[in-house]
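The values are calculated or read from the model by the stated rules, or taken from the named source; none is laboratory data. Just so it is clear, the model here is predicted, and its values are computed rather than measured. Cβ placement follows ideal geometry from the backbone for every residue including glycine, while neighbour counts extend to all protein chains displayed. Side chains included, ligands, DNA and RNA excluded: accessible areas come from the protein's heavy atoms. Shrake-Rupley method; radii C 1.70, N 1.55, O 1.52, S 1.80 Å.
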Amino acid sequence: MKKITFLLIIVWMSQASTLIAQVSKPDTLVQEIRSYVARNFSQARTFNLYWETGPSHDYTLKRNGQEIENGKMRDMHTIKFSVNVPILLLKNFSLYTNGQANFYKFEARNNATGEISSLYSENEGAYNYYKGGLSATYRTKIAGKPLILNANISGDGWNEGFEKIEGSFSAIVMLKNTSTSRFSIGLYGMTLYNQVPALPIISYWHQFNPQLSVDITLPSQVHLRYQFNSNHRLSLGAQMESERFYIKPAIEDLSQTYLHSTATIKPEIVYEFIINKHFYLIARGGGSALLQSGLYKTNRKGIDGDPLVEFNRSIQPFFNLGFSYNLFK
């Protein structure tokens, strides 16, 4: 039970860390809560395009605790595009529209037969995932401390159509806010998941000197950052990520649509470069360790338990190259 709850927290907090970036837009509130260095390399960017790859590796598939396939994955490429555009920006209220498109391409073959994997045979290792929605943020104060309230509604799907609508809500309080340090706590909840009604958000940033700072969002990411000048930054740390796409496997008794969900932790080195005010270049490299991966029902009710089909692999290196545009400086 503890393992199941921990894995659910991983998936949720990975999404929560993205939410924190979304609500920290460079508007009036950001002028209060971010230092110059943090604003210059804002996590909240309007457009993002990423490409990621890794080496070939072996994998195993298990069902009901029994191994059903041993295979090898190769020629793996992931392309992600996301957009977060303001619709309305007021003093205490912001409304954004957001969307993402993820494209997963790989070849998975059964080592025993040499044939395409029974799990990934339907689309020959090419899967697209789409998601879009609206996000609203309201800023006020409680006991003299800044309070950020955020609500988000979104729907997702794939090439074969629309799938699910889900929502989220968060409340974040800034307990400390100085030019060199800030500390926030809050709660984050989502629909569709019923194992844990709400999860804590803890965010801490501290600048030791103009070049060195620490950036923590527990438990999703920890980074030590060094800024060479106004345009170059190097970070060392780790972050948790979640991936998902829909799939129709060619496995007996599993002929309908399922959600393929993966949670990983990635120790990494990150290099960021501001090309020209609003444009960023990002390069990431490190290792990807699997925490939980497999097939779940699309209603998400089983995602807090064991998957219908479990996917396993060893830790693998990865390389990620990205390009971002920030509407706000």
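So here's what we get for this one:
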| quantity | calculated |
| --- | --- |
| Unmet criterion (only one of (1) crowded, with 18+ Cβ neighbours inside 10 Å; (2) not in a strand (DSSP E or B)) for T113 | (1) |
| Search result, residues across region 61-77 that are open to solvent by less than 30 Å² (accessible area, probe 1.4 Å) and either outside any strand (DSSP E or B) or touching a residue at least 60 places away in the same chain (Cβ under 8 Å) (or both) | L61, M73 |
| Residue list for region 116-161, restricted to those being touching a strand residue (DSSP E or B) at 6+ places or on another chain (Cβ under 7 Å), modelled with pLDDT of 90 or more, of a type in the set (G, A, S) and surrounded by fewer than 18 Cβ atoms within 10 Å (Cβ to Cβ) | G132, A136, A151, S154, G155, G157 |
| Residue in region 125-136 that is in a strand (DSSP E or B), within 25 Å of Y204 (Cα to Cα) and of a type in the set (F, W, Y) present | no |
| Scope region 205-246; condition part of a strand (DSSP E or B) and of a type in the set (A, V, I, L, M, F, W, C); matching residues | W205, L212, V214, I216, L218, V222, L224, L234, L236, A238, M240, F245 |
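The rows are residues; the columns are (1) closer than 21 Å to G287 by Cβ; (2) among the charged types (D, E, K, R); (3) surrounded by fewer than 19 Cβ atoms within 10 Å (Cβ to Cβ).
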{"position": "V173", "(1), (2), (3)": "no, no, yes"}
{"position": "V222", "(1), (2), (3)": "yes, no, yes"}
{"position": "N231", "(1), (2), (3)": "no, no, yes"}
{"position": "G237", "(1), (2), (3)": "yes, no, yes"}
{"position": "Y246", "(1), (2), (3)": "no, no, no"}
{"position": "E252", "(1), (2), (3)": "no, yes, yes"}
